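One structure below.
Every read-out reported here was derived from the displayed coordinates using simple, explicitly stated rules and does not represent laboratory data. Fair warning: this is a prediction, and the values are worked out from it, not measured in the lab. Don't worry about glycine lacking a Cβ; one is built from the backbone with ideal geometry, like all the others, and counts go over all protein chains shown.
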Ligand code: UTP
Ligand code: MG
C-alpha cells in the first residue's frame with residue numbers, strides 16, 4: 001500500500017495491484033486492444049483492508065462507451081482465464097458494467113471499462129489521506145465497521161464502501177477544529193486550471209470538473225489533535241446526533257466548518273426522507289439514492305450502538321464486538337412471483353400480489369456462493385438469471401414484508417465414496433429440475449457409479465418427456481420409483 005504521490009498515481013503501488021494490472025494488460029495485448037489498465041479504489045488511496053477488492057479499469061486508447069465498451073469487457077472476460085484468473089462473474093446490468101474475477105493469488109478483482117471518474121475520485125481521496133495519518137485510520141475503521149455490520153451493499157438498500165469514505169471525509173472537514181481543509185474549494189479559490197472529465201454513466205455525455213488542490217505538502221497541519229479513537233467516536237456521534245439528514249447533504253465538495261449544505265439546492269433530486277451524499281465530481285450522483293428506509297434506520301441504529309461500545313469500552317470493545325460477528329454467504333435472485341420461475345428460498349403465495357420479489361439462497365461458504373454467482377446474467381429459456389450478493393438484513397426485510405417458504409434445496413453430498421451412491425439415489429428422488437439431475441449424473445460418473453448413472457439418465461428422460469424445462473415451474477414431476485430402480489439395475493446388470 002503506497003502513499004499518494006500525484007506523480008505516481010495510476011501506477012500500481014503494491015505487488016497485488018502490479019500483478020493484476022500486468023495480467024490484464026497482457027490479456028488486452030493478446031486481444032490486440034490498445035489501452036491502459038489503471039488501478040483505482042482503496043488499493044490506490046491507502047484505504048484497503050484485508051477484505052478489499054482490487055479495482056481496475058481498462059482505459060482504451062480510443063474513447064469508447066455503451067455497447068462498444070461492453071464488447072471490450074466481454075472480450076477481456078473471455079480472455080482472463082488464459083491469464084490465470086478464475087471464477088469470472090459478469091455484472092453487465094449495472095450503470096457501470098463490471099467483471100469480477102479471482103487472480104492466481106486469490107485476490108478478488110473488479111474490472112470495468114473507462115471509469116475516469118473513479119480514477120479521479122480515488123486521487124481526491126488519496127490526497128485527503130496524505131494530509132494526515134488519522135484520515136486513513138478513521139476511514140478504514142469506519143469501513144471495517146460497516147462491513148462487519150453487513151451495511152455495505154446498495155442492492156440491500158445500504159451504502160457503498162466509497163460512500164462511507166465520503167461520510168468520513170465530510171465529518172473530518174466539519175470537526176472542530178477541522179482536521180481537513182476542502183481541497184476542491186482551495187483549487188477553485190486559487191484559480192487552478194480546469195480538469196474536465198467526460199462521463200456517460202447517465203446515458204448522455206456529461207463533463208465534470210475534477211480539479212482539486214494537489215500540492216498537499218504545502219498546506220499547514222491541522223490544529224486538531226484528537227486521537228483516531230476520539231475522531232471515530234465523533235464520527236458516530238455526528239451522524240446519529242448532530243447531522244440533520246432531513247435538510248442537509250453530505251457534500252465534500254462544498255463542505256465548510258461552519259455552514260451546512262442544503263440538499264434541496266444540489267443538482268440531483270432530493271426528498272425530505274431520503275439521504276443525500278453527493279459525489280464530489282459527478283454532481284448528478286447521490287450515493288444514498290438507493291438507501292431504503294429500513295437501511296437508513298439500521299445504519300443509524302448500528303452507529304448508535306458503535307458509539308455506545310466506544311464510550312463504554314474504547315477501541316478494544318469496538319474491535320472485539322466486530323470480530324465476534326460472523327458473515328453469512330448469500331445471494332438473492334429477483335423472480336417474477338406469478339410465474340414461479342425457480343424453487344429456491346421462495347416467497348410464498350401471500351407475497352404474490354407483487355410483481356417481483358426476491359428469493360434468497362444461503363450458502364455454507366464464500367466459495368459456494370461465488371460458484372453459483374458465476375451463473376449471473378445467464379439466459380435460462382426466456383429468463384435472465386440475476387443474482388445479487390446480499391446480507392441477512394435483506395432477508396430480514398423481505399420476511400417482514402411478505403411470507404416466505406423455507407426450502408432445503410441443495411442435495412447434501414458427502415464425499416465419502418460409500419455414501420455417494422445412496423445420496424445420488426436419494427437425490428434423484430427429491431430432484432425437481434433437470435439441472436439438479438444432471439449434477440447428480442455427473443457425480444455418479446465421477447465416482448464410477450454406472451448403475452446410478454443409468455438411473456439418472458432415465459430420470460432425465462422422464463423430466464424431459466414431461467416437457468419440463470429447468471426454467472419452468474418446478475412442480476414435482478414423477479419421481480423414480482423402486483420399480484424403476486429395479487428395472488435400471490436389471491438393464492445394467
Ligand atoms: P469500492 O466500493 O470497491 O470502494 O469502489 P473502495 O474504496 O475500493 O473500498 P473497499 O476497500 O474495496 O471496500 C471502488 C471505487 O469505485 C469508485 C470509487 O473510486 C471507489 O473508490 N466508486 C464506487 C464510485 O466512483 N462511485 C460509486 O458509487 C462507488
Ligand atoms: Mg474496492
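Of note:
- Exposure proxy ranking for 383, 393, 145, based on other Cβ atoms within 10 angstrom of each Cβ and starting from the fewest, stands as 383, 393, 145.
- q = 0.15, 0.20, 0.24, 0.31 Å⁻¹, region 13-59: log10 I(q)/I(0) [Debye, one scatterer per Cα]: -0.38, -0.62, -0.82, -1.14
- Scattering profile of region 203-316 at q = 0.10, 0.11, 0.15, 0.21 Å⁻¹ [log10 I(q)/I(0), Debye over alpha-carbon scatterers]: -0.41, -0.49, -0.86, -1.24
- Estimated translational D of region 51-103 in µm²/s (Stokes, Kirkwood radius over Cα pairs; 4 °C; 1.567 mPa s): 109
- Estimated purely from DSSP H runs of n ≥ 4, each contributing -39500 (n - 2.57), the mean residue ellipticity at 222 nm for the chain is -13000 deg cm²/dmol once divided by its residues.
- Gyration tensor over alpha-carbon atoms, region 132-189, equivalent ellipsoid semi-axes in Å: 25, 14, 8
- Exposure proxy ranking, count of Cβ atoms within 10 Å, fewest first, for 24, 119: 119, 24
- Cβ-derived FRET efficiency at R0 56 Å, residue 31 paired with residue 315, nearest 0.05: 0.70
- Extension reserve of the residue 283-residue 375 stretch, reckoned as 0.36 nm per residue once the Cα distance is removed: 29.7 nm
- P(r), alpha carbons of region 56-193 - 10 Å bins starting at zero, rounded %: 10, 30, 33, 22, 6, 0
- Distant alpha-carbon pairs in region 197-249 (separation over 12 angstrom), percent: 79
- Modelled label positions at residue 405 and residue 392, each set 7 Å beyond Cα in the direction of Cβ, lie 2.5 nm from each other.
- Its Kirkwood hydrodynamic radius, worked out from the mean inverse distance over all distinct Cα pairs, puts region 149-281 at 16.4 Å.
- Computed log₁₀ I(q)/I(0) - Debye formula, equal Cα scatterers, no solvent, the chain, q 0.06 Å⁻¹: -0.34
- Ranking of 55, 422, 14, 110 by count of other Cβ atoms within 10 Å, fewest first: 422, 14, 110, 55
- Computed E for residue 354/residue 209 - FRET, C-beta separation, R0 51 angstrom, nearest 0.05: 0.75
- Helix 293-323 axis, angle to the chain major axis (alpha carbon atoms, nearest 10°): 80
- Take the Cβ atoms of residue 264 and residue 430, set R0 to 51 Å, and the FRET efficiency comes out at 0.35.
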